[in-house]
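Below: the structure, in structure tokens.
The values are calculated or read from the model by the stated rules, or taken from the named source; none is laboratory data. Bear in mind the structure is a predicted one, so any value in this text is a computation, not a measurement. Here the Cβ positions follow ideal geometry from the backbone for every residue, glycine too, while neighbour counts run over all protein chains shown. What goes into the accessible areas is simple: the full protein's heavy atoms, side chains included, and nothing from ligands, DNA or RNA. Shrake-Rupley method; radii C 1.70, N 1.55, O 1.52, S 1.80 Å.
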Amino acid sequence: MKIAVLPGDGIGTEIVAEAVKVLNTLGLKFEMETALVGGAAYDAYGHPLPEATLKLAMDSDAVLFGAVGDWKYDKLDRPLRPEQAILGLRKNMGLFANFRPAICYEQLVGASSLKPELISGLDILIIRELTGDIYFGQPRGRRIATDGHFPGAEEAFDTMRYSKPEIERIAHVAFQAARKRKAAGTEGRVTSVDKANVLETFQFWKDVVTEVGKEYPDIALDHMYVDNAAMQLVKEPKRFDVVVTGNMFGDILSDEASMLTGSIGMLPSASLNTKNQGLYEPSHGSAPDIAGKGVANPLATILSAAMMLRFSLNQPEAAQRIEAAVQKVLAQGLRTGDIWSEGTTKVGTAQMGDAVVKALG
Ligand code: IPM
Ligand code: MG
């Protein structure tokens with residue numbers, strides 16, 4: 001079980017260290033190798049995704065990823081920005097299927113900006129296509145300046161594009177996930193989000209998803225325009241089960257969905273390719289404002305490590321142990337600042353990691 005550990009920038013190093021600590025307590029044998037990525041790699045090697053880092057990731061069974069980005073890189077030419085590291089990893093490793101669960105932890109129901117009854121028991125899964133769409137369309141704008149901006153340009157454009165096989169394979173992932181969840185007691189519904197009323201790409205998307213859906217008669221399929229989906233997510237989030245959508249809409253809706261739970265610091269994510277090789281990262285970003293202070297919430301990264309054990313390393317029991325340990329520390333009332341509320345105990349990043357280690361038993 002070879003794991004590439006890529007902490008990245010900002011709070012990335014702090015939270016990944018806690019996840020590594022937890023992994024090392026499981027009594028399993030991992031081969032872990034750490035490398036620089038994002039702004040940290042740019043500072044050291046002049047590129048956010050150096051050859052050696054990419055090779056390490058490609059040669060591993062799984063990548064444990066922290067976060068990338070910092071405002072100080074905003075003026076860099078686009079291909080050198082930290083964000084390009086994660087995009088490059090996704091593209092080169094073929095990580096087309098992005099799982100972003102939005103689960104409301106009962107103890108944290110009060111942390112949401114929505115009324116408790118709207119989100120109590122919320123358990124939805126956003127499946128975002130990750131290697132197509134406008135993110136990877138050609139060309140990606142005119143590059144006439146070196147700072148990533150286009151002074152004096154008259155236009156800029158990006159192209160939205162999906163091929164049939166790209167849509168088919170993500171649709172299959174969504175229907176299969178819905179089926180698995182149904183076996184565990186959910187409704188068995190896929191909501192495909194598009195903008196078919198305006199965009200040809202998404203009329204095509206809708207048609208292809210509908211075709212694939214015929215192979216899953218046990219799973220209900222509905223279609224929703226993205227603007228309506230954004231509204232329904234705050235109006236009645238529990239009406240969703242599995243949501244499948246393209247790269248750009250998925251980026252936006254997954255941020256929205258994660259915040260419904262009030263605790264983006266709790267949400268893991270997985271990005272998989274056809275070989276079940278995966279990249280696992282928290283749903284939140286690098287939070288440069290709190291970096292280095294030891295206050296970031298490591299639980300999303302620790303839960304991402306659990307997803308890694310389940311999806312890429314075939315260690316479901318170990319995954320469950322971690323998830324149970326996280327539940328336990330929450331039940332003990334331990335909270336990092338982002339999820340703290342009156343009557344609970346505020347702890348720092350390392351203390352939280354230590355508590356999870358202890359709760360593993
Ligand atoms: C995400 C992030 C990335 C994206 C950025 C950092 C490129 O927002 O993983 O959601 O847009 O996909
Ligand atoms: Mg995003």
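Can you say whether Arg128 is within 16 Å of ligand 1 (Cβ to nearest atom) and crowded, with 20+ Cβ neighbours inside 10 Å, as far as the supplied structure shows? Lay out the reasoning, then the answer.
Values: within 16 Å of ligand 1 (Cβ to nearest atom): yes; crowded, with 20+ Cβ neighbours inside 10 Å: yes.
The answer is yes for Arg128.
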Exercise. Identify all residues within the range 196-213 that are closer than 20 Å to Leu125 by Cα and open to solvent by 10 Å² or more (accessible area, probe 1.4 Å); write none if there are none.
Key: Lys206, Thr210, Gly213
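Condition check ((1) open to solvent by 10 Å² or more (accessible area, probe 1.4 Å); (2) among the polar types (S, T, N, Q)) across all residues:
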position	(1), (2)
Ala287	yes, no
Ala300	no, no
Met307	yes, no
Asn314	yes, yes
Exercise. Mind telling me which of the residues Thr186, Thr131, Thr159, Thr210 ends up being part of a loop (DSSP other than H, G, I, E, B), without any contact (Cβ under 8 Å) to a residue 60 or more places away in the chain and among the hydroxyl-bearing types (Ser, Thr, Tyr)?
Key: Thr159
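Might you check whether a residue that is part of a strand (DSSP E or B) and over 15 Å from Leu267 (Cα atoms) occurs anywhere in the range 345-353? Write out each step before concluding.
Within the range 345-353, the first condition is being part of a strand (DSSP E or B), and the residues that meet it are 345-346.
Within this subset, residues satisfying the condition of being over 15 Å from Leu267 (Cα atoms) are 345-346.
There is at least one residue in the range 345-353 that is part of a strand (DSSP E or B) and over 15 Å from Leu267 (Cα atoms).
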Quiz item: Just one of the numbered conditions (1) basic (Lys, Arg); (2) within 16 Å of ligand 2 (Cβ to nearest atom); (3) over 28 Å from His172 (Cα atoms) is not true of Arg90; which one?
Solution: (3)
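Can you tell which of Ala287, Ala230 is small (Gly, Ala, Ser), within 15 Å of ligand 2 (Cβ to nearest atom) and on the phi > 0 side of the Ramachandran plot?
Values: Ala230 fails: on the phi > 0 side of the Ramachandran plot.
Ala287 is the lone residue from the list that is small (Gly, Ala, Ser), within 15 Å of ligand 2 (Cβ to nearest atom) and on the phi > 0 side of the Ramachandran plot.
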Exercise. Give me a count of the residues in the range 325-361 that are open to solvent by less than 60 Å² (accessible area, probe 1.4 Å) and farther than 22 Å from Val295 by Cβ.
Key: 1
Exercise. Give me the pairs, please: first residue somewhere in the range 246-274 and open to solvent by 10 Å² or more (accessible area, probe 1.4 Å) and part of a helix (DSSP H, G or I), second residue anywhere and within 15 Å of ligand 2 (Cβ to nearest atom) and among the aromatic types (Phe, Trp, Tyr), beta-carbon distance under 9 Å, and either six or more positions apart or on two chains.
Key: Met248/Tyr135; Asp251/Tyr135
Quiz item: How many residues are outside any helix (DSSP H, G or I) and under 21 Å from Gly285 (Cα atoms) when one looks only at the range 45-92?
Solution: 19
Quiz prompt | Qualifying positions in the range 92-122 - crowded, with 17+ Cβ neighbours inside 10 Å and charged (D, E, K, R) | solution = Arg100
